[in-house]
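A short reminder: the numbers here are calculations on the coordinates, not readings from a lab. All values derive from a computational prediction rather than experimental measurement. Here the Cβ positions follow ideal geometry from the backbone for every residue, glycine too, while neighbour counts run over all protein chains shown.
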Amino acid sequence: MGLSGLLSASGADGVAAKPGERFSFVAFGCMPYGKENYPAYERLLKEINRHGPSFTVHCGDTKSGSEPPTDAFMKQVHRWFDSLDGALIYTPGDNEWTDVHRKNNGSQDPLVWLAKVRTEYFSTERSMGRAPIPLVTQRREKGFEKFMENVRWVRGGVVFATVHAVGSNNNRIKTDDRERSGLARESASAEFRERDAANVAWVRGTFAEARATRAPGVALFFQAEPFDAAEKDGRESGFTEFLGAVEQEAKHFEKPVLLVHADDHRYRLEPKVRFPSGEKHDNVTRLGVFGASDIHAVQVTVDPTSKAVFLAGPLLVPGNPLPVLPRSKKEAGKK
Ligand SMILES: [Fe+2]
């Protein structure tokens, strides 16, 4: 970050909304995954309440990819979210809808479950939890009315947003996909294209707001691990447009950008993460949350007046087995 960025981040030329207010948030995802994990998961929720963060974000995957989806389970997830004393914001994962066509995941229609996810968790323009906060949602934007799950909010001048980007290549069907019939491939492709365009617009809109309000930082939350995935899938990656928009906007923004995601079940704090363009940017950090093999969360202290703005680390739950750190890709467990 250049000196001019530092000056505007420190409020020298007037930052909107309570500059200097220091606060924290919690993020987690890819859990609980199976009944055997419910007690540990409930301990985690209690521990979050003990810390009293300004808000908490579940980054998607509320169940494993080998449990069929049910309406009753979605209600249970909603009750867990509402057991948090503060605000809970959620972004959907691939296990909730993208992958439910798989045999071990119920042989269901993904679009039916995507619609159910939207109805269950996104029917109001506010967060879940016992002290919900109002959210700005993409449904207000012409042409993007169905994307009620893309939301943003501001705290201490920092702009926060969820982006509905999911694992399983963001539902972009690869040429070697043998899991779907012709019709199912077409509907998945149409869904991917439409949501991908919405996500790009949402990312651009989020940074436009951050620039207009001279926000000291931006944090984006999404379920997918997009960096390794993009490298693996190359030209068939479903993250090319999304990461391209994030990279371009972050570069232009210059101030700290934190990208928080679930999906690969490994705690990873990686400053200067490499984009598919091959470039790294000093102001962009990726934070991967723990997964179901390590029932813990991450906590981020946000100090809008500091140079880094975001200070992230694990939030470990007493009573739950210690996490494996670092956890290799191989050991990351069932997704
Ligand atoms: Fe997962």
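When each of W80, W113, W202 is scored by the number of other beta-carbon atoms lying within 10 Å, the sequence from fewest to most is W80, W113, W202. Here's the list of lysines a cross-link from K46 could span, going by alpha-carbon distance under 22 Å and ignoring same-chain residues fewer than 8 apart: K35, K63, K75. Here the calculated FRET efficiency for A131 and Q108, from their Cβ-Cβ distance with R0 = 45 Å, stands at 0.85, rounded to the nearest 0.05. A Förster radius of 30 Å combined with the Cβ-Cβ distance from S123 to L311 puts the calculated FRET efficiency at roughly 0.30.
Only Cα sites of the stretch 168-318 enter the Debye sum here, all with the same form factor; the resulting log10 I(q)/I(0) across q = 0.19 1/Å is -1.21, listed in q order. Largest first, the three principal axis extents of the alpha carbons in the chain are 57, 44, 39 Å in whole numbers. For K335, the aspartates and glutamates whose Cα comes closer than 13 Å to its Cα, not counting residues fewer than 8 places off in the same chain, are D61, E67, D94, E96, D99, E225, D263, D264, D294. Annotation for the stretch 125-150 versus the stretch 283-335: alpha-carbon center distance of 26 Å. In this label model, D176 and R139 are separated by 4.0 nm, measuring between points 7 Å along each Cα→Cβ vector. Rounded to the nearest 20 debye, the dipole size of the stretch 82-212 about its Cα centre is 280 debye, using +1 on the Cβ of Lys and Arg and -1 on the Cβ of Asp and Glu. Dipole magnitude for the chain: about 360 debye, using +1 per Lys or Arg Cβ and -1 per Asp or Glu Cβ, origin at the Cα centre. In order along the stretch 184-194, the phi-based Karplus estimate (6.51 cos²θ - 1.76 cosθ + 1.60, θ = phi - 60°) of 3J(HN,Hα) comes to 5, 5, 5, 5, 5, 5, 5, 4, 4, 4, 5 Hz; Gly and Pro are listed as x. By the helix-only formula, in which each DSSP H run with n ≥ 4 contributes -39500 (n - 2.57) and the sum is divided by residues, the chain has a 222 nm mean residue ellipticity of -9500 deg cm²/dmol. Taking 7 Å along the Cα-to-C-beta vector as the label spot, tell me the R235-A115 distance in nanometres, rounded to one decimal. Placing both labels 7 Å beyond Cα along the Cβ direction yields 3.6 nm.
Taking the Kirkwood radius as Rh and the Cα radius of gyration as Rg, the stretch 93-239 has a ratio of Rg/Rh equal to 0.99. Can you find, among V257, F144, F122, the residue sitting farthest towards the positive end of the charge dipole of the stretch 3-332, where Lys and Arg contribute +1 and Asp and Glu -1 at Cβ? Working it through, the farthest residue towards the positive pole turns out to be V257.
Relative contact order of the chain: 22 percent, from C-alpha pairs under 8 Å at least 6 residues apart in sequence.
Across the options T240, A198, F310, the greatest Cα extent toward the positive end of the charge dipole of the chain (unit charges at beta carbon of Lys, Arg, Asp, Glu) belongs to F310.
Cβ crowding within 10 Å ranks T70, T213 as T70, T213, fewest other Cβ atoms first.
When L258, L45 are sorted by how many other C-beta atoms sit within 10 angstrom of their C-beta, beginning with the fewest, the order is L45, L258. For the pair D82 and L183, the difference between a 0.36 nm per residue extended length and the Cα-Cα distance amounts to 32.6 nm. A DSSP coil position with no more than 14 other Cβ atoms inside 10 Å describes the following GluC sites (Glu not before Pro) in the stretch 191-291: E279.
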